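Data block below; observations after.
Just so you know, all these numbers are worked out from the coordinates, no wet-lab data involved. Just so it is clear, the structure is predicted and the values come from calculations on it, not from any experiment. Cβ sites come from the backbone with ideal geometry, for glycine too, and all protein chains shown count toward neighbours.
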Amino acid sequence: MNPLACDEVVGLAPELALGVLDGSERAQVLSHLDSCDTCRHLVDDLATTIARVVSAAPGIDPPPGFDRQVVAQLAPLAPKEPAYHRRRRFFAGVGAVAVAASLSLAGFLVASGGDSGPVTRRATITAAGDWARGDVLVVDAHPTWVTMRVSVDYEAANLHCELALADGRVVKLGTFHEVGGAWEWGGTIQAAASDVVEARLVGADGSIVASGRFD
Amino acid sequence: MAPSLSDDALLAGFAVGDPDASLEFVRRFQRRVFGLALRIVGEIALAQDVAQQAFEKAWRYGATYDPLRASVATWLLTITRNVAIDETRRRRMTFVELSDVATLADERDAGPARAAEVSDGVRAVIEELATLRPEHRRAVVLSAWYGRTADEIATLEGIPLGTAKTRIRDGVRRLRDRLATTELGDVT
C-alpha cells in the first residue's frame, strides 16, 4: 500500500467523510490520518458539515404503526446493561428527577470518556471512610452541562445528588437507587457553571454523606 | 409525556427504556429516520428494518450521545445513514430516486410535516445547497442523502469518475466554508 501525500488525502477527504470511499483508497487515507493531525482535523471538519447536510434530508412518513412496532421490538431487549458501568436503576426515569425551585433539569446518561469539550470546573467528592467517592465536572456550555461519576463500595440506601450554588440555592439532580458499584450520570442545568460551588451526595435521612468543592 | 420535552430529555427517557418517552422519541424522529433510510436503501420493507436498527442503536448507545458535538437529530440521522449504507453495500442495491434534487428549491412550499422538520439550522443547509452549482448539488445530495459512491454517481450522471469525485469534493468544501459560520446547535 503506497503512502499518500497530504494533497492526495485532501482530495479524498470529502468522500471519506461521506463514508463512500472504496476499500483500498479508504485504507490508504486512514493510514495517512494515523500520523497527520492536519488531515484528520480536515476530515472531522468535513464530517461535521456532512452530518448537517444529512440532517436536512426531508422526512417520509413510515407505514402506520411503525412507532409502536419499534418500541415493541425494543421492549424484549430491556433491561440493558451499560458498556462501562453498572446502572441498575437510573433515577427511576426522567420524570422522577427532582427539580429545585426555578431550576430545571433535562438529564441523560453520558458514556465513560464522553466528557470532551470545554470543561471548566471539577469537584472530587469523598465520603468519610472513603466508602463513596466520585468526580463531578461542570462544563461552561449553553446550557451548562454536568457529568457525575460515583463509586460506592457496598449496597446502601438511595443517594441523592445535588449541586450547591453560590447564592445558596440547591440544584437537586436526582437519586441513585440501590446504590452499589460505579455509576454515571449527566445532564444540563439552568445555572451558570461559575455559580456552582459544591457537589453533594445526600443520604436518605437528608444528611450530607459526601461532598466536594469545585476548583 | 409532555410534547414540549426537549430532544435531549426525550433521548434520556428513551435510553433508560421509559415507555412513554420511547414512544414519543420514535414519533418525533421516525419520519426523518425512515425518510433517510428509504432514500438510501430504496425499498420500504428494508427501510423499515434500517430505521428499526437505527432506533435500536440509539437506544443502546444513547449513553454515548454528546450534546456538545451535535443535536439529537443529527446524531440519530448519522446512525441511520451508517446503518443504511452498510445494508446497501451488503445487498448491492442500485435504486435511486432523484426527485429530491429537483425539488430542493421548493422547500418553502413543503407541507406541514416538512415544515416541522425545518429548524433554522436545517433551513441554512437547504439554502446553501440551493446556492451550489446544480451538478455539485446533485453530487452532494446523491452522496449525503442517498449514500452513493463517486463511481455510482459517475454512472448515474454519465460522467467520468474523476469528474464525479471533483463535484463531490468541491460541493462539500463549499458547504463547509459556508456553513462554518452558522451555529451547529441550530440543527434539530
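Note on A:Asp61/A:Glu8: beta-carbon distance plugged into 1/(1 + (r/R0)^6) with R0 of 41 Å gives a FRET efficiency of 0.40. The local environment of A:Val71, defined by Cβ-Cβ distances under 14 Å, has a net charge of -2 under the rule Lys, Arg +1 and Asp, Glu -1.
Considering the stretch B:111-162 at the alpha-carbon level, its Rg and Dmax are found to be 13.5, 40 Å. Can you give the alpha-carbon Rg of the stretch A:11-59 over 2.2 N^0.38 Å, where N counts its residues? It is 1.21. Other residues lying with their Cβ under 12 Å from the Cβ of A:Gly19 contribute a combined charge of +1, Lys and Arg counting +1, Asp and Glu -1.
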